[in-house]
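The values are calculated or read from the model by the stated rules, or taken from the named source; none is laboratory data. The structure displayed is predicted, hence computed values, not measured ones. Here Cβ is always computed from backbone atoms with ideal geometry, including for glycine, and neighbour counts include all displayed protein chains. Side chains included, ligands, DNA and RNA excluded: accessible areas come from the protein's heavy atoms. Shrake-Rupley method; radii C 1.70, N 1.55, O 1.52, S 1.80 Å.
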Amino acid sequence: MAEKIINGFSVVAYATQPEGRVPARAFLETRRLPAKPVKPVKGAAVAPEPQVEDEPAPADEPESLAFEIFVTRRFRSTVEAMSAARNALDRVKAVDAEGVPDPLPD
């Protein structure tokens, strides 16, 4: 797997092995990274934070999104599919708020 961090998302490229008559396939997957806590600066006067209950994440929001790429292409091997997935990952420049990479290959 190859990984790239973009706009608060982890974007991963991977491939699956062929099974029976199903050829190897290439994928891009996005996962939202947890927000990093802010550390207070030493020596700075910090007011105590009010206790606020964390709101649970919506149940219908998926943790990660997987996108099959190069659907019309038939890969001869998993190595070829993984190479295509890595090349697609290298071209990804941004991820929108919903977790869709841009540009997303066909």
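Distance between the pseudo-spin-label points of LEU104 and ASN87 (7 Å out from Cα toward the beta carbon): 2.1 nm. Applying 0.36 nm per residue to the separation of ASN7 and SER64 and subtracting their alpha-carbon distance, the gain on full extension is 19.1 nm.
Taking all protein chains together and a 1.4 Å probe, the residues ILE69, ILE5 rank ILE5, ILE69 from largest to smallest accessible area.
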